[in-house]
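Each remark here refers to the structure printed beneath this line.
The values are calculated or read from the model by the stated rules, or taken from the named source; none is laboratory data. Fair warning: this is a prediction, and the values are worked out from it, not measured in the lab. Virtual Cβ from ideal backbone geometry, glycine too; neighbours counted across all protein chains shown. Only protein heavy atoms, including side chains, enter the accessible area calculation; ligands, DNA and RNA are left aside. Shrake-Rupley method; radii C 1.70, N 1.55, O 1.52, S 1.80 Å.
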Amino acid sequence: MPGRLFLPTVFLLLTYGFWVSPEFQMITAGVVIFLLGMIYLEKGFKVFTGGVLETILQKTTDSLWKSLTFGITSTALLQSSSLVSVIVISFLSAGLIGLNAGVGIIFGANLGSTLAAWLVALYGMKLKLISYAMPLLVFGLLLKTRKEKNVSGLGYILLGVGFLFLGIHYMKEGFESFQGVIDFSSYAMDGLAGLLAYIFFGVLATIIMQSTNAVLVLTFSALAAGQLTYDNALALAIGSNIGTTITAVLGAIGANAAGKRLAIAHIVFNVVTAILTVLLFSQLKAVVAMAADLLHIEPDDHALKLALFHTLFNILGIVVLLPVSRWLIRWLETLFTDPDTQSYLNLATQDNSDIHRARHLTPAVLSYPDAALRALTRECDHLYRNSLELICYGIYLTGDKLREADNLSELVNNWVRDEQPWTIKELYIRHIKGIYADIIHYSCAIEGNLPRQQAQELFALKVACRDFVQTIKHVKHVYNNMGRYLHSDNEQIRDQYNQLRLCLASVLKLIDLLGMRRNYDHIRHHASQLKQELKEQNEQMNSQINELIRSSQVDSFTASSLMNDSVHIHDACTNLIDGAVIMLTRDREEYREIDLNLDGRNGAEKV
């Protein structure tokens, strides 16, 4: 019930404020315009982070100190700790970086975000920003309408900066206008009660606006207009630092366990930093006063002193938490677990009829090409692992037996899985169809945002997944006959079907071995060699079947089934090889040599 009343209450309060006070209208307009500027700025930066920021991130986060530096510099340049937080959570969810790197970046992002406070304190409160805002908005609008992606992205950035300047101007003007109407400084609160109360206001304002920068600009504007005391402004800055964790929390909602752990790390850093700042508030104020003297900051220049305080308490958090980050990471790794995290599907014990869905395709990574492709690759591997188990089931083996066997011929000839409680169609719907549907849906969602090279890699992954599904379709066609003839009294027909099992099992085994080696030339050589062997085996089996018919060892009715099943197994093996080669070589430029003519292949029909 309180949740339902919240929005109507806010609307009523705002409406009342607009009605009774033109100054309030100006301040709220400034906040809205400022937030609109943040949205445009973030949208513009996303155009230029499509591969560049991701590449830098991957190469500069192999140690905690490098991650910390990256977090500071990237947030200072992008002027959006929210954007950096969401990118990091996305990359962590996709497996592009580890939790150690993510924690370092989040720590650094908090310090990097203080640059905005310095810029507002140095220029925003002293310059007539509206004279800069208008040209930026005009040029930004002209560039935004261009079709070229980079030019349009630059237009969004100029619009964002222009709206930021305009928002700061209106907020500053609004608070200055209030001086003749009402003195907010009369509501100042001293002591610990005032500190805690204004920290709470800072948290609440940041959660509502979802922008630390917007709250800080409001604070600077009120402080510069004399509507806020220095101590209360410091408390609002502390509260805004806690409230900014809402962005990480929202970004982690669609993330996996790793992303949620990073959101917790963000909360821990900001809350611990706030607690330390409250406990050492008087000492930090004294340090700020000393530093202000050294930097020749005027004693009454509270805006610059607030920026200095904001920087110092974030440095305090890093100094205290960085040495214990190793223990923090160990604790974080005990939190949250991803559902269905076992490496291999075990059909022997799997009696849950729930439909399996994608594990790695979280909404958080959709906007970032490298992260999105990495997540999709992991999901394609998930699809293959489930397909392997289902294929083994279809030829009356198990994945465990296949992986453990040193002699496949001995395994195939001496062991047949007797417990087969489900049909291939049931297992396909349960363990394959949902994952494959999510992959297709996800691919369509990111397809238009990818540069050419990544679009080709995405296309290759889709073809590989289609090949795996096609393989299951072929296995489905032989499943019933194989179950019947593996227990036949006719030794010859049993041997022929064991040869088909051995053929498919050998391909699965080889794909696993090639996947561990990841040697491109080795993979291509073995794939070509294996296809040639399959062709020869198919011809040899046809000759054997003809000989069995002529010698009356197999009747023509059974032989026709065997010949059809032989074709299906041959096609299943070919699809498996094609899909595996694409999966294992998709990140090489040479993968274009593989036949990726999707329209030229037969579609994956319903199983």
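Tabulated data for the structure shown
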quantity: In Å², nearest 10: area of LEU13 left accessible to a 1.4 Å probe; calculated: 120 Å²
quantity: List GLU426, GLU379, GLU298, ordered by accessible area with a 1.4 Å probe, largest first; calculated: GLU298, GLU426, GLU379
quantity: Kirkwood Rh, angstrom, segment 190-229 [1 / mean 1/r, Cα pairs]; calculated: 10.6 Å
quantity: Nonlocal amide H pairs with SER113, under 5 Å, H built at 1.01 Å; calculated: none
quantity: Positive-end residue, segment 259-344 charge dipole about Cα centroid, Cβ charges, pick of ILE318, GLY259, ASN270; calculated: GLY259
quantity: Label point distance in nm, GLN529-LYS425, each placed 7 Å from Cα along Cα→Cβ; calculated: 4.1 nm
quantity: Per-q log10 I(q)/I(0), segment 404-450, q = 0.30 Å⁻¹ (Debye; single scatterer per alpha-carbon; no solvent); calculated: -0.98
quantity: Isotropically averaged projected area of segment 352-418, using the convex hull of Cα atoms (one quarter of hull area), nm²; calculated: 6.4 nm²
quantity: Separation between Cα centres of segment 548-563 and segment 451-492, rounded to whole Å; calculated: 25 Å
quantity: Largest-first ordering by accessible area, 1.4 Å probe, given options ILE395, ILE33, ILE208; calculated: ILE208, ILE33, ILE395
quantity: Charge context of ALA292, other residues only, Cβ under 9 angstrom, K/R +1, D/E -1; calculated: -2
quantity: Gain in span if fully extended, GLU333 to ASN150, counting 0.36 nm per residue against the direct Cα distance; calculated: 62.0 nm
quantity: Cα-based convex hull, segment 357-460, per residue volume (Å³, whole number); calculated: 117 Å³
quantity: Segment ALA291-THR73, extension gain: residue separation times 0.36 nm, minus the distance between their alpha carbons; calculated: 76.2 nm
quantity: Accessible surface of ILE275 - all protein chains present, 1.4 Å probe, nearest 10 Å²; calculated: 90 Å²
quantity: Candidate residues TRP331, TRP422: accessible-area rank, largest first, probe 1.4 Å; calculated: TRP331, TRP422
quantity: Range of Cα positions in segment 271-315 per principal axis (Å), largest first; calculated: 31, 15, 15
quantity: Rounded accessible area of LYS59 (nearest 10 Å², 1.4 Å probe); calculated: 150 Å²
